[in-house]
Amino acid sequence: MEKQDNKTLYAVMAILVIAVIASGYFFMQRNGNEDVVSTEGAGQGSENAVLDPNFVISLSQIESFKLNKDIFLDEDFLGLKDISATVNSEPKGRKNPFAPI
């Protein structure tokens, strides 16, 4: 009885492996003619261009973004001071720092 259970288990496992491989082949395969973003005919109203809907939504959100330039005229912004440090030049090291010493 135990040999029959093992054969059944192996058969079920083989079917599952084949199903996973087949689903990966069919569902993960991309059509070679279809591009996510196409630059062909850009700016000419090309009907061939295929765009990802999320890309189009993100692009429309970026285009509608308005920057208020009044912040650069604010008294607090104009009162900021530059505290950057200068970097002194150092002598160059070895040509290949990863080479053995």
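The values are calculated or read from the model by the stated rules, or taken from the named source; none is laboratory data. On a predicted model such as this, the values are computed, not experimentally measured, just so you know. Positions of Cβ are backbone-derived with ideal geometry, glycine not excepted, and every protein chain shown enters the neighbour counts.
Tabulated data for the structure shown
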{"read-out": "Count of region 49-78 residues which are in contact with a Leu (Cβ under 9 Å, 6 or more places away or on another chain) and small (G, A, S)", "value": "0"}
{"read-out": "Residues that are among the charged types (D, E, K, R) and either under 35 Å from the mean Cα position of the chain (by Cα) or surrounded by 10 or more Cβ atoms within 10 Å (Cβ to Cβ) (or both), drawn from region 77-101", "value": "K95"}
{"read-out": "Yes/no for F26 being at pLDDT below 80 and either surrounded by fewer than 10 Cβ atoms within 10 Å (Cβ to Cβ) or of a type in the set (S, T, Y) (or both)", "value": "yes"}
